[in-house]
1. Can you name every residue in region 142-167 that is over 26 Å from Thr28 (Cβ atoms), out of contact with any helix residue (DSSP H, G or I) (no Cβ under 7 Å at 6 or more places or on another chain) and surrounded by fewer than 19 Cβ atoms within 10 Å (Cβ to Cβ)?
2. Please give the strands (runs of 3 or more DSSP E) falling wholly within region 108-213 in which 1 or more residues are under 19 Å from Cys265 (Cα atoms).
3. Residue check: is Val290 in the same structural domain as Pro332 (by TED's automatic domain parsing), assigned to a loop (DSSP other than H, G, I, E, B) and within 12 Å of the ligand (Cβ to nearest atom)?
4. Could you tell me whether Leu22 is outside any strand (DSSP E or B) and in contact with a Ser or Thr (Cβ under 6 Å, 6 or more places away or on another chain)?
5. Considering only residues of region 314-335 that are more than 22 Å from Pro86 (Cα to Cα) and either open to solvent by less than 10 Å² (accessible area, probe 1.4 Å) or in the same structural domain as Tyr13 (by TED's automatic domain parsing) (or both), which is nearest to the ligand (Cβ to nearest atom)?
6. Within region 76-116, restricting attention to residues that are open to solvent by 30 Å² or more (accessible area, probe 1.4 Å), of a type in the set (D, E, K, R) and closer than 25 Å to Arg285 by Cα, which residue is modelled with the lowest pLDDT?
7. So Gly411 passes all but one of these: (1) open to solvent by less than 30 Å² (accessible area, probe 1.4 Å); (2) within 16 Å of the ligand (Cβ to nearest atom); (3) in contact with a Gly (Cβ under 7 Å, 6 or more places away or on another chain). Which condition number does it fail?
Amino acid sequence: MGINTVAVIGLGYIGLPTAAILASKDVTVVGVDVNLSTVEAINRGDVPFVEPDLAMYVAGAVQQGTLRATATPEPADAFIVAVPTPFRGDHEPDLSYVESAAKTLAPQLRGGELLILESTSPPGATRKMAEWVLEARPDLSLDGADGHPQIHVAHCPERVLPGRVMIELVTNDRIVGGLTPEAAQMAKDLYAIFCQGEILLTDAVTAEMAKLVENSFRDVNIAFANEISLIADRVGVDVWELIRLANHHPRVNVLQPGPGVGGHCIAVDPWFLVDAAPEQARLIRTAREVNDSKPRWVVDKAVAAVEGIEAPTIAALGLTFKADIDDLRESPARRIVAELADRLPRAQVLAVDPHVQQLPAELARRENVDLGDLDQALGADVVMVLVDHSDFRTALTEDATGRISVIDTRGVLA
Ligand code: SAJ
């Protein structure tokens, strides 16, 4: 069966770019989302969040008539599920959004469709999704046994970097893991419509694991850099110079320390591996703990820096989870500002971020946290650099900061 229509379930940071790029290749795409304001925005040709070039793709596809959004699924030749997979409780994967996507799409199936799970998932989630669909539709099957029409199920994890999504969707290699080899091949044919990278076929569990391993690899490496920053501080050497020098070794590439690890991927996905094999995943768990403890360390530094000042002003430069984007998910900067405001009730914390026009609710509710601008920040008793936005890099010269105390968690001054 050829694929002419695709339904993308979940129009977030991954689903919407994927829907838009497919639609730009003349595939008829229906985006499905439970959030009505997202659906309305897309049908107007608008985007609900900032990602370079995305607005152009969405507006173009909507105008061309190849992309539209709806709150209720419809039949399609292929379904791409791109819903959140957070964790709950003690870092256990929460597949409830995948389950509900499976149950919503099941009534639309006629047999022969391709179902792709794109959400980052713990090992076994793709099979689980197929089981949820088949529970709702016992007339269908994975293998065509007893004349039951087949559905084809695969996992194809996204690997795009926020800020470069529209480029990396096209250029990155992709891993496609099928519950059957036929499903993997069908998914490969679909991604080949827009992906110029290599498309590598495997089974579903290996594909699930590959994505988790990639993000855990990065988390462990960032944890190493963060641990080095604590040791350097203890010993009294400049960590930025230290890492720059060590990285001259041909086989050493230490990443950059920071105020902690944010975003909805690297701070979350390693826990799926820990949950899958708690006894074995010792290094991965420790890396998560090291990275998660870094914001507290920054707070302690700021508290020490204003000791003796009756009612200090502390500026926090940056609230997003990394540079030059507007994404606030799991941002360590938010945690630092909130904790600092609570630890020092007499202090005023001034948050500055060129990409944030409104304080997130948990900060707005604190009386001693305000949104300010860079000029005001440079008059504070202490300035914490929490995100290395390009604007900060140019503004924070030696001149501007020479008179004040700076806690530079990103090496902007280095
Ligand atoms: N960070 C550091 N030091 C570094 C690099 C990053 O502290 O040297 C921090 C960042 O400031 C940020 C966090 O780590 O808070 C994560 O940022 P990131 O740029 O490493 O990654 P994400 O979360 O934006 O995107 C990652 C990417 N995964 C890998 O690079 C292995 C991306 O390719 C994935 O598609 C994405 O996760 C995802 O959706 O899973």
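The values are calculated or read from the model by the stated rules, or taken from the named source; none is laboratory data. Since the structure is predicted, the reported quantities are computational estimates derived from the model, not experimental observations. Note that we place each Cβ from the backbone using ideal geometry, even for glycine, and neighbour counts take in every protein chain shown. In case anyone asks, the SASA skips ligands and DNA or RNA and just uses the protein heavy atoms, side chains included. Shrake-Rupley method; radii C 1.70, N 1.55, O 1.52, S 1.80 Å.
1. Asp143, Gly144, Ala145, Asp146, Gly147, His148, Gly163, Arg164 - these are the residues of region 142-167 that are over 26 Å from Thr28 (Cβ atoms), out of contact with any helix residue (DSSP H, G or I) (no Cβ under 7 Å at 6 or more places or on another chain) and surrounded by fewer than 19 Cβ atoms within 10 Å (Cβ to Cβ).
2. The strands (runs of 3 or more DSSP E) meeting that bar are 114-117, 152-155, 174-178.
3. On the way: in the same structural domain as Pro332 (by TED's automatic domain parsing): yes; assigned to a loop (DSSP other than H, G, I, E, B): no; within 12 Å of the ligand (Cβ to nearest atom): yes.
Here the answer is no, as Val290 does not meet what is asked.
4. no
5. Step one: filter region 314-335 for residues more than 22 Å from Pro86 (Cα to Cα), giving 314-318, 323-324.
Those still in the list that are either open to solvent by less than 10 Å² (accessible area, probe 1.4 Å) or in the same structural domain as Tyr13 (by TED's automatic domain parsing) (or both) too: 314-318.
Numbers: Ile314: 21, Ala315: 19, Ala316: 15, Leu317: 14, Gly318: 10 Å.
Here the answer is Gly318.
6. Taking the candidates together, the pick is Asp90.
7. Answer for Gly411: the failing condition is (3).
Residues are listed down the side, and each one gets a yes or a no for (1) within 16 Å of the ligand (Cβ to nearest atom); (2) at pLDDT below 95; (3) over 30 Å from Val252 (Cβ atoms):
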| position | (1), (2), (3) |
| --- | --- |
| Pro138 | no, no, yes |
| Gly147 | no, yes, yes |
| Gly163 | yes, yes, no |
| Ile175 | yes, no, no |
| Leu179 | no, no, yes |
| Ala187 | no, no, yes |
| Ile193 | no, no, yes |
| Leu200 | yes, no, no |
| Phe217 | yes, no, no |
